[in-house]
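S.K.: The structure follows.
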Amino acid sequence: MKVIKRDGTTVDFDGSKIVNAIRKANAAVEPQFRIEEEKIKGIADSVQHQHRMRLLVEDIQDMVEHSLMDANKFELAKAYIIYRYQRALVRKANTTDESILSLIRNHNKDVMEENSNKNAVMAATQRDLIAGEVSKDLTRRLILPEKISKAHEEGVLHFHDADYFIQPIFNCCLINIGDMLDNGTVMNGKLIESPKSFQVACTVMTQIIASVASSQYGGQSVDICHLGKYLRRSYEKFKENIIANGGGKLDDATVERLTDERLRYELKGGVQTIQYQINTLMTTNGQSPFVTLFLNLKEDDPYLKENAMIIEEILRQRLQGIKNDKGVYVTPAFPKLVYVLDEHNCLKGGKFDYLTRLAVKCSAKRMYPDYISAKKMRENYAGNVFSPMGCRSFLSPWKDENGNYKFEGRFNQGVVSINLPQVAIVAQGDEKKFWKLLDERLELCHQALLCRHEALKGVKSDVSPIHWQYGAIARLKKGETIDRFLMNGYSTLSLGYIGVYEMTKLMKGVSHTTPEGEKFAVKVMEYLRATCEKWKADSGLGFALYGTPAESLCYRFARIDKERFGSIEDVTDKGYYTNSYHVDVREPIDAFRKFTFESQFQKISSGGAISYVEIPNLRHNTEAIEELVKFIYDNILYAEFNTKSDYCHVCGFDGEIIINDDNEWECPNCHNKDHALMNVTRRTCGYLGENFWNVGKTKEIKARVLHL
């Protein structure tokens with residue numbers, strides 16, 4: 001039997017601790033109120049014989065109290081309660097020592113492997129992780145209501161990002177980059193005026209991204225369309241200089257050719273600045289900015305030509321990759337790319353189809369970009385097309401005082417996710433019990449989300465001037481509160497969910513891809529959505545249902561439930577739950593049918609959703625990807641491609657890299673063992689960066705350690 005301690009760690013059950021605690025209570029009362037030694041051991045044995053794989057330490061203490069009272073040892077029970085209270089005071093004085101010391105010693109595996117984008121050995125990253133441990137401890141013990149903390153520990157729900165909760169910062173945002181570039185901004189007390197060229201605009205944009213990333217814990221998204229005007233400025237400046245230097249002797253064709261050459265050079269340099277700055281900068285949380293570039297061409301854009309050139313160069317450079325320390329081109333983790341499909345580029349004869357074909361080549365080699373259908377997005381979001389935030393969550397449509405839709409300069413206050421399979425496990429197939437439990441647990445999620453909202457109320461703009469005073473979100477005065485941006489749906493509060501497939505299997509005995517299962521799954525999803533809408537109507541806050549792409553949470557919930565409820569076939573025995581509404585990876589289903597099936601759930605999950613299909617040997621399947629891209633435009637809002645294929649940069653082997661008998665990665669073709677010269681990429685865990693040894697030096701890459 002395992003015991004879950006108050007700090008969330010798991011230890012083996014030790015009956016001697018119960019015996020020692022009762023003995024200390026015995027010593028504190030008069031002899032006539034004491035309990036016999038054999039009965040003390042009997043109480044410890046009765047707890048051990050609960051046949052539970054997992055117990056919270058509080059549950060054990062409750063059992064001891066009840067046993068003492070059942071034995072009519074009321075004075076002793078009182079002494080035990082006092083002893084328990086005194087121990088609680090000691091714990092509240094200090095509970096982070098061991099977790100922090102183990103982190104410094106590189107022994108705290110849970111924390112060090114929680115985020116694959118952080119190298120937990122580095123001092124700068126450890127500084128952030130240490131602060132995170134303090135935050136989680138204070139959040140659990142003092143800030144969150146006890147029932148929310150207990151629900152988190154029991155896997156009823158997941159209170160995301162507790163390691164940043166004590167700070168007055170939020171999750172993800174869409175940076176209002178257009179306003180900041182056009183009207184200037186301030187960083188570190190220095191005025192940054194509107195750029196006069198494309199190269200400078202790219203530099204300023206990356207500095208803004210780094211500054212914004214350092215004062216929030218989620219991702220940042222920027223719409224590349226705002227750079228088009230600065231490429232035009234460079235063009236006009238170059239042309240004017242060439243004409244002036246030519247002394248009137250150059251014909252128009254020559255002027256245009258020379259201008260274009262200089263512009264292409266500037267374009268390449270500017271995009272390189274974006275790519276290399278983002279991948280080499282490190283924010284205050286010990287990682288590169290978690291940034292998404294939104295690649296969307298709008299027909300009414302006055303800088304359409306320039307933005308098409310910028311997108312083309314971004315895709316070309318992503319296709320090439322970035323050299324690692326071995327000089328090998330690898331896929332950079334950031335920036336993430338999201339490419340929008342519209343009538344002019346959906347591979348049906350549009351004038352920008354050439355960009356989509358380049359995007360397909362990039363997907364085949366680098367697995368990016370992801371794809372958004374402008375057609376489906378307009379259907380679901382009142383005719384609007386806009387970027388997802390860094391965590392793939394979406395904002396709800398919102399109009400300003402002039403009746404204009406606004407998306408940039410808005411943000412997500414935080415996320416809480418519900419464990420749907422656990423509701424079904426406890427309900428044991430009883431639908432009446434299921435719906436009652438679901439209501440109770442949704443209300444817990446509601447209260448947890450309100451904790452996030454209340455934590456941001458009253459926060460002043462001075463906590464992050466780049467966000468609140470200098471344009472990333474707003475241009476408030478010093479000392480002004482951010483409260484109005486928390487209300488009336490301006491920002492979102494996201495209810496995530498995990499395991500629709502397992503929930504349906506438990507309640508109906510079939511997958512949610514069957515007619516009976518689909519009917520039940522859709523009913524539950526619509527109920528979740530309706531609950532969010534009710535919360536929104538009652539409070540005016542921007543609650544949204546979010547198809548959580550939190551792969552690590554799929555494993556956490558499954559692990560907790562297996563320890564609590566045992567091994568359940570096709571549920572806890574797999575070691576993972578399916579992400580949100582996704583079809584289980586083991587189901588035989590083709591890519592087109594998968595996208596068609598999952599698209600109905602994306603529409604319900606208006607607060608964010610993404611679907612993916614796995615294509616073997618992605619590099620050699622560009623034709624298949626093109627067909628899927630065409631299908632995406634007409635059928636599903638947001639999609640990406642995965643592959644199981646690995647790649648060796650030494651010999652070009654495009655199969656599966658193996659782990660040899662010495663527990664090392666090895667190419668089965670040329671027997672290369674240098675992990676830096678391999679791509680062993682697994683989109684299942686969301687990690688797309690360069691592979692590196694884990695902190696335990698067991699010669700496994702991070703992706704494998706985390707999720708396979």
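S.K.: Subtracting the Cα-Cα distance from 0.36 nm times the residue separation, let me have the gained length for residue 30 to residue 299 in nm, one decimal.
M.R.: Here the segment from residue 30 to residue 299 would lengthen by 88.2 nm.
S.K.: Within the set 298/603; 399/534; 432/594; 229/323; 78/436; 351/376, which residue pairs have Cα atoms separated by over 32 Å?
M.R.: 78/436
S.K.: Send over the Kirkwood Rh of region 321-447, from the inverse of the averaged 1/r over different Cα pairs, rounded to one decimal Å.
M.R.: 18.9 Å
S.K.: Something else about it: Give me, ordered by chain and number, the residues 5 or more places off residue 577 or on other chains with an amide H under 5 Å from its own placed amide H.
M.R.: Correct list: 555, 558.
S.K.: Taking each pair of distinct Cα atoms in region 312-382 once, what is the resulting Kirkwood hydrodynamic radius in Å?
M.R.: Radius from the Kirkwood sum: 13.1 Å.
S.K.: Run through region 180-257 and list the GluC sites (Glu not before Pro) located in a DSSP loop whose Cβ has at most 14 other Cβ atoms within 10 Å.
M.R.: 193
S.K.: Across the Cα atoms of region 387-501, what radius of gyration and what greatest pairwise Cα-Cα distance (Dmax) are found, in Å?
M.R.: When restricted to Cα atoms, region 387-501 yields Rg and Dmax of 17.9, 56 Å.
S.K.: Something else about it: Per-residue HN-Hα couplings for region 151-162, Karplus 6.51 cos²θ - 1.76 cosθ + 1.60 at θ = phi - 60°, whole Hz, x for Gly and Pro?
M.R.: 4, 5, 5, 7, x, 5, 9, 10, 8, 5, 6, 5
S.K.: Below 8 Å, C-alpha to C-alpha, sequence gap of six or more: please give me the relative contact order for region 484-582 in percent.
M.R.: 38 percent
S.K.: Another question about this same structure. State the percent of C-alpha pairs, over all pairs in region 1-44, separated by a distance greater than 13 angstrom.
M.R.: Cα-Cα pairs of region 1-44 separated by over 13 Å account for 61 percent.
S.K.: What residues have an amide H closer than 5 Å to that of residue 642, excluding those fewer than 5 places away on the same chain, when H is modeled at 1.01 Å from N in the peptide plane?
M.R.: 613, 614, 615
S.K.: Hey, what's the Kirkwood Rh for region 172-238 if you take every pair of different alpha carbons, in angstrom?
M.R.: Values: mean 1/r = 0.0810 Å⁻¹.
With all distinct Cα pairs of region 172-238 included, I get 12.3 Å.
S.K.: If you take all C-alpha pairs in region 222-343, what percent of them are over 25 Å apart? Provide the component values of the computation, followed by the final result.
M.R.: Numbers: 2687 of 7381 pairs.
Beyond 25 Å sits 36 percent of the P(r) for region 222-343.
S.K.: Need one number: nm distance between label points at residue 530 and residue 276, each 7 Å from Cα along Cα→Cβ, rounded to one decimal.
M.R.: Modelled inter-label distance: 5.7 nm.
S.K.: If you don't mind, another one. With point charges of +1 on the Cβ of Lys and Arg and -1 on the Cβ of Asp and Glu, referenced to the Cα centre of region 164-307, which listed residue (259, 248, 210) lies farthest in the positive direction of the dipole?
M.R.: It is 210.
S.K.: So if I take the centroid of the Cα atoms in region 7-38 and the same for region 534-575, what is the distance between those two points in Å?
M.R.: Between the Cα centres of region 7-38 and region 534-575 lies a distance of 36 Å.
S.K.: Please work out whether region 549-591 counts as rounded, prolate or oblate from its C-alpha gyration tensor, where a ≥ b ≥ c are the square roots of the eigenvalues and a/c under 1.5 means rounded, while otherwise a/b larger than b/c means prolate and anything else oblate? Display every interim value, and only then the final one.
M.R.: Details: a/c = 3.49, a/b = 1.54, b/c = 2.26.
Because a/c hits 1.5 or more and a/b fails to exceed b/c, region 549-591 counts as oblate.
S.K.: For region 438-455, in order, what is each residue's ³J(HN,Hα) by Karplus, 6.51 cos²θ - 1.76 cosθ + 1.60 with θ = phi - 60°, in whole Hz (x at glycine and Pro)?
M.R.: Running phi through 6.51 cos²θ - 1.76 cosθ + 1.60 with θ = phi - 60° gives 4, 4, 4, 6, 5, 5, 4, 4, 4, 5, 5, 5, 5, 4, 5, 4, 5, 5 Hz.
S.K.: Please compute the contact order of region 552-591 in relative form: average sequence separation of alpha-carbon pairs under 8 Å and at least six residues apart, divided by the residue count, as a percent.
M.R.: On the way: 27 pairs, mean separation 15.3, N = 40.
The value is 38 percent.
S.K.: Could you report region 325-370's accessible area per residue, 1.4 Å probe, as an integer in Å²?
M.R.: Details: 1490 Å² over 46 residues.
The answer is 32 Å² per residue.
S.K.: Within region 584-643, what whole-number % of the accessible surface is contributed by carbon and sulfur, with the 1.4 Å probe and all protein chains included in the calculation? Could the numbers behind the result be given before it?
M.R.: Values: 1210 of 2350 Å².
Of the solvent-accessible surface of region 584-643, carbon and sulfur hold 52 percent.
S.K.: Using only the Cα atoms of region 441-540, what are the Rg and Dmax in Å?
M.R.: Rg, Dmax (Cα atoms, Å): 19.0, 58.
S.K.: Using a 1.4 angstrom probe on heavy atoms only, work out the carbon and sulfur share of the accessible area of region 252-340 in %.
M.R.: Ligands and nucleic acids excluded, carbon and sulfur reach 50 percent.
S.K.: Also, quick follow-up: What is the set of long-range amide H partners of residue 410 at a cut-off below 5 Å, with H atoms built 1.01 Å from backbone N?
M.R.: 174
S.K.: Of all accessible surface on region 474-570 at a 1.4 Å probe, what whole percent is carbon and sulfur?
M.R.: Roughly 51 percent of what the probe reaches on region 474-570 is carbon or sulfur.
S.K.: Run the quick spin-label model on residue 603 and residue 70: label points 7 Å from Cα toward the beta carbon, then report their separation in nm to one decimal.
M.R.: Reported label-point gap for residue 603 and residue 70 is 5.5 nm.
S.K.: Averaged per residue, what accessible area in Å² does region 27-84 show with a 1.4 Å probe, protein chains only?
M.R.: Details: 3470 Å² over 58 residues.
Per-residue value: 60 Å².
S.K.: What translational D, rounded to a whole number of µm²/s, comes out for region 430-492 from Stokes-Einstein when the hydrodynamic radius is the Kirkwood one over Cα pairs, at 10 °C and 1.306 mPa s?
M.R.: Approximately 116 µm²/s, per Stokes-Einstein.
S.K.: Sort largest first and round to whole Å: the equivalent ellipsoid semi-axes of region 211-271, each the square root of five times a Cα gyration tensor eigenvalue.
M.R.: 36, 10, 9
S.K.: Against the globular-protein guess of 2.2 N^0.38 Å, express the Cα radius of gyration of region 369-426 as a ratio, rounded to two decimals.
M.R.: Normalised by 2.2 N^0.38 Å, the Cα Rg of region 369-426 equals 1.50.
S.K.: Residues of region 125-280: accessible area per residue at 1.4 Å, in Å²?
M.R.: Accessible area per residue, region 125-280: 43 Å².
S.K.: Moving on. Which order do 603, 478 take by accessible area at a 1.4 Å probe, largest first?
M.R.: On the way: 603 130, 478 155 Å².
Output order, biggest surface exposure first: 478, 603.
S.K.: Another one. With a cut-off of 8 Å between alpha carbons and a minimum separation of six or more residues, what is the relative contact order of region 536-644 in percent?
M.R.: Relative contact order of region 536-644: 28 percent.
S.K.: Ratio of region 514-598's C-alpha Rg to 2.2 N^0.38 Å, to two decimals?
M.R.: Cα Rg divided by the expected 2.2 N^0.38 Å: 1.30.
S.K.: Give the accessible area for residue 300 in Å² (nearest 10); use a 1.4 Å probe, count only protein heavy atoms, and leave out ligands, DNA and RNA.
M.R.: 130 Å²
S.K.: Something else about it: Taking θ as phi - 60°, what are the ³J(HN,Hα) couplings along region 21-37 by the Karplus curve (6.51, -1.76, 1.60), each to the nearest whole Hz, with x for Gly and Pro?
M.R.: 5, 5, 4, 5, 5, 4, 5, 8, 10, 5, x, 5, 9, 7, 10, 5, 4
S.K.: Let me ask something else about it. At 1.4 Å probe size, with no ligands or nucleic acids counted, give the accessible surface of residue 442 in Å², nearest ten.
M.R.: 0 Å²
S.K.: If you take the beta carbon distance between residue 2 and residue 537 as r and set R0 to 56 Å, what does 1/(1 + (r/R0)^6) give as a FRET efficiency, to the nearest 0.05?
M.R.: 0.85
The values are calculated or read from the model by the stated rules, or taken from the named source; none is laboratory data. Note that the coordinates shown come from a computational prediction; the quantities given were computed from them, not determined experimentally. Cβ sites come from the backbone with ideal geometry, for glycine too, and all protein chains shown count toward neighbours. Keep in mind that these areas ignore ligands, DNA and RNA; they rest on the heavy atoms of the full protein, side chains included. Shrake-Rupley method; radii C 1.70, N 1.55, O 1.52, S 1.80 Å.
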